[in-house]
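Right, one structure below, let's go through it.
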Amino acid sequence: MKSRAGVIVWAVTLALIPSLSGQQSPFLPDDIYNKLTNEISGSIAYQTLRTLTQFHAPSGESQGFWNEAQWVEEQAKSEGLEDVRFVALPPWEGAAGAPVSNWTLKGGELWLTEPVTIKLGDVRETPLSVADHSPSADVTAELVDVGEGSEDSDYAGKDVSGKAVLAYGPLARVEHLACELRGAVAIVSYYSTRTDPWADHADQIAWSQLPRPHPGARPNVPAFVVSPRTGLMLSRWMSGRAPTHIFAGRAPFPPGTRFRVRLRIEADTTEPEDQGFVEGVIHGTGDHSQSIVLTAHLQEGKPSANDDRSGCASLLEIARALETMIRDGRLPRPKRDIRFWWTNEIEAEMAYFAAHPEERTRILADINQDMVGARQSLDGRLQQVSRTPYSRWSFVNDVVESIVESLVRGNNAYLPAWQTGAPAPYSRPIFARLGTREPYRAEVVPYFDDTDHMAFNLVGIPGVDFTNWPDEYIHSSDDDLWQIDPTQLQRNAVAVAASALYLASFGADEVPELTAVVAGGARVRLSRDLGIGTARLAAAPASERDEAFRDAWNLLDQAERREVRGLNSLRPYAAPAIQKLIERLSEDMKLTELNHQKRLEEWYEALAGRRPSPGLESSVLTAKERELDARVPKPAASLADFLRRSQEIQAPPELHKLMVFEALNFADGQRSVLEIYRAVRAESLSAGEWYYGRVTQDQIDDLFKAAEKVRAVEITTR
C-alpha cells in the first residue's frame, strides 16, 4: 500500500504543476507557445473570412457549396498541405432513405405593388431573403395578414386561397396551414428565432427553410423572408395604423385597402449529386496508423461569418502556420498525420464513415471548430469547448482543457497577478493586430453536439468542439464580419493548433507526464461527483432519501468507470512500466470510489439515524431492473445500417436528445439496458439535470424498444 500511495502522490503532484505555474500548460511549453503565437494570425484568418462570406452554400449539394469547396481546395494547396483533394460522397440519405433534390438559388426579388410600389427584398442584397428549397416562381397576388399563422384560429374569417400570406410563425407550420390546407400560393415571412426580434434584432433576416423536396412529395410554395421590422410595418399599414420605418411620412391607408405583392424567385432544383469534404494533410513521420482530424463546415447561407466560416478560415490559418514553420525548420514534423477537413456539416462525416468503417481505427481524435470568431462583448458570448461524452472519455479531454485554461488565464485580468508586476491588462496576452483587446472568455463544458464532432463520437472516436454561445446572430443576415473579432479568431486557432500538435507528436516519453495530469484530473472529477451525490442526498426529503442514496452510489460507480476509461485510453502509447502504473492508478480509482461510498453511507446514517438497508445501493434488483438487466443491445451489424437506422428511432420525446445519443453509444453488446440506464443517468446528474434533463428507466427501456423496432440495434437475452 505504501508504494502505491507513493505513486499516487507523485502523479497528483505532477498534475498540479500547471496550476502552480500560472498560465502555462505542460502540453504547450514556452517554445511552442512563442512559435504558435508569433506565426498564427487572427488578422490573416479575418482576411480569408472576407472571401468565404461571399459564398451562399445553404446545403452541401448546392452550387455555392461546390464553388466554395473549390476555392478552399485551391487555398489549401497554396498553403502547402499535401494530398489535397475533394472527397466525393453520395448524398446522406439519413432516415428517409430516399434521395433529396439539390437546390441552388440564383435570384429573387419581392415588391409591394399596391397600393404603392416599394421593393421589400432582393437576393443580391441578402441571399437569406429566399427560404431554402423555394421553387422558381413569378407570383403576383393579394397579400393577407394572418398574424402568426401557426394556428387554425389565425385564419378565421380570412380567405387566403390563391393569395400570399404575411406571417411571423414557423415557416413549415405556416406552409402547412396556409398553403397545403387553404390554397395560399406564396408566403411572406418575418419569422425570427431571436429572444426579442422586435426590439433587439428588428432588421435581421432569419435563415429559413422549407422541407427538402423528395420524389413524390407535394411541391413547395415560394417563400420570401423579410425582417421583423419590415413585416411588422407591413402589418401595421395593412391594419390602417400609422406607418413607421420604410413607410414613414406616408399617410395611413384606410382599413380594407388591398395590398398586392410580386414575388419572383429563380432557383435550380436538380437530381441529387455528390456531396463531401475538402481534405488536406500534414504528413507525420510515423506509420500513419492514427491521425488527428481538424474539422469545420463549409455549407452555410451567405454570409455566415461566424457559423461556420470562422472555423473554416481558422482551419486554413492553422494549416498555413504549421506548414510554414515545418517547412522552415522552426517546428519538427509531427509523428502522426494531421488531417484538415472542410465539410458538409455532419452529413459528410456520416456518409464517409458509412462507406469507410475501417477509418474508426485510424483516427485518434477530432477537434471541431464551429463559431470561433465572435466578438464576445456583443451579447455576452462565451467560447464553449465541449469535452467528449462519457461513453468516449479519453485523455484528449485533459490535453485540450489544460491548453484552453492556460490561454484563459493568460488573457484575463487578475488583480494579484498585476500586483506581482505582471504586464497589464493580461499576464500573457494574445492580440491580433487588427483585433480587439477584450478578454478571452472560454469555458470547458460537458458534451454538446449538433455539429461535426458528433459523427466522430457516434462511431467511437473522441471528438471535442469549440462553439461560442449564446448567439443572437446565428443563421441570419446579422452573422456578418462586423461582429467578428480577429483576436478571438487567433486565440482559438492557437488553442486548436497547440492541441493538435501535441496529440500528433506525443510518444512514450511524454506519456508519464500526460498520465500524471489525467490522474490528477480524475481525482478532482471524482471528488466533484462525490459532492454532487452527497448534496442530493442531504437535500432529499425523508421519503426520497433511499432513491437519492441509490443515485449518489451509482454516480460514484459510474465516475470511477469513466476515469478508468480515460486512463486506459493511454495504454496503447505507454511503455511497459507506465502501463503497469496505469493499472495501479486504475485500481486506485476503485479504492477512491470505495472510500467515497463509505462517506456516502456516513451521510445517510447522519441524516436517517440508521445505516442504509443492505443492498440499497444497487445489488438488490427490482423486478423491472431484472427485466432490463436481461436485455443486451448491440448496434446493427453494419455501421452504415446503424448510422442510417438510428435516425429513424422514435425516441421518447421527454428524453434529451443528447441522452438518446449517449444511450446508443453505450450499446456495445456487453452492457445491459439497465447498465446503460445507470451510465446515462449518472452522466445527466454529473452535468446537471438542468443541462441534460431527467433520465428514467422507462425512457431508456422505451428508447431501446424503438431502436430494436427499426433494427438499429439487436437485443439478446442473457
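For the chain, a crude dipole built from +1 on the beta carbon of Lys and Arg and -1 on the beta carbon of Asp and Glu, taken about the Cα centre, is about 1160 debye to the nearest 20. Remark: the stretch 311-327, residue by residue, has Karplus-estimated 3J(HN,Hα) of x, 5, 5, 4, 4, 5, 5, 4, 4, 4, 5, 5, 4, 4, 6, 5, 5 Hz, where x stands for each Gly or Pro and the curve is 6.51 cos²θ - 1.76 cosθ + 1.60 at θ = phi - 60°.
Cross-link reach is defined here as a Cα-Cα straight distance under 23 Å, omitting same-chain residues fewer than 8 places apart; for Lys705 the lysines meeting it are Lys624, Lys634, Lys657.
For the stretch 621-718, the pair-distance distribution built from all alpha carbon pairs, in bins 5 Å wide starting at 0, is 3, 15, 27, 25, 19, 10, 2, 0 percent. Ranked by the mean number of other Cβ atoms within 10 Å of their residues, highest first, the peptides 404-413, 56-65 fall in the order 56-65, 404-413. Comparing the stretch 251-373 with the 2.2 N^0.38 Å rule of thumb, its C-alpha radius of gyration ratio is 1.61 (two decimals). When the Cα atoms of the stretch 31-167 are aligned to their principal axes, the ranges along those axes come out at 73, 40, 27 Å in descending order.
Ranking Ala172, Thr195, Pro135 by how far each Cα lies toward the positive end of the dipole of the stretch 103-270 (charges on Cβ) leaves Pro135 at the top. Ignoring aspartates and glutamates fewer than eight residues from Lys335 along the same chain, the ones with Cα atoms less than 15 angstrom from its Cα are Asp287, Glu323, Asp509, Glu510. Using the Cα centre of the chain as origin and beta-carbon charges of +1 (Lys, Arg) and -1 (Asp, Glu), tell me which of Val399, Tyr473, Gly286 is placed farthest towards the positive end of the dipole. With unit charges placed on the Cβ atoms, the residue in question is Val399.
With the Kirkwood sum run over all distinct C-alpha pairs, the stretch 507-619 has a hydrodynamic radius of 15.1 Å. Placing unit charges on each Cβ (+1 for Lys and Arg, -1 for Asp and Glu) gives the chain a dipole about its Cα centre, and among Ile265, Leu49, Ser377 the Cα reaching farthest toward its positive end belongs to Ser377. The phi torsions of the stretch 285-299, fed into the Karplus equation with coefficients 6.51, -1.76 and 1.60 and a -60° offset, translate into couplings of 8, x, 8, 6, 7, 9, 10, 9, 10, 10, 10, 7, 10, 8, 6 Hz, rounded to whole numbers, with Gly and Pro shown as x.
Cross-link reach is defined here as a Cα-Cα straight distance under 28 Å, omitting same-chain residues fewer than 8 places apart; for Lys106 the lysines meeting it are Lys119, Lys163, Lys302.
Determine the percent antiparallel among the DSSP beta bridges restricted to the chain, to the nearest 5. Write out the running numbers ahead of the final one.
On the way: 47 of 78 bridges.
Counting only bridges with both partners in the chain, antiparallel ones make up about 60 percent.
How many percent of Cα pairs in the stretch 103-270 exceed 30 Å? Tail of the P(r) past 30 Å holds 10 percent of the pairs.
Normalised by the residues of the chain, what does the relative contact order come to in percent, with Cα pairs under 8 Å and at least six apart?
On the way: 1444 pairs, mean separation 114.8, N = 718.
After rounding, I find 16 percent.
Using the Cβ of Trp103 as centre and a radius below 9 Å, the other residues enclosed give a net charge of -2, where K and R count +1 and D and E count -1.
What number, in nm² with one decimal, is the all-direction average of the projected area of the convex hull of the alpha-carbon atoms of the stretch 550-700? Show your work: numbers first, answer last.
Numbers: hull surface 45.7 nm².
Quarter of the Cα hull surface area: 11.4 nm².
In sequence order, the stretch 592-604 has phi-based couplings of 5, 4, 4, 5, 5, 5, 5, 4, 5, 4, 5, 4, 4 Hz under the Karplus curve 6.51 cos²θ - 1.76 cosθ + 1.60, θ = phi - 60°, and Gly or Pro positions carry x.
Taking the convex hull of the alpha carbon atoms in the chain, what volume per residue do you get, in Å³? Write out the running numbers ahead of the final one.
Working: hull volume 137.9 nm³, N = 718.
That works out to 192 Å³ per residue.
Only the coordinates and a few stated rules stand behind these numbers; no lab work does. The structure displayed is predicted, hence computed values, not measured ones. All Cβ positions, even for glycine, are placed from backbone atoms using ideal geometry, and neighbour counts span all protein chains on display.
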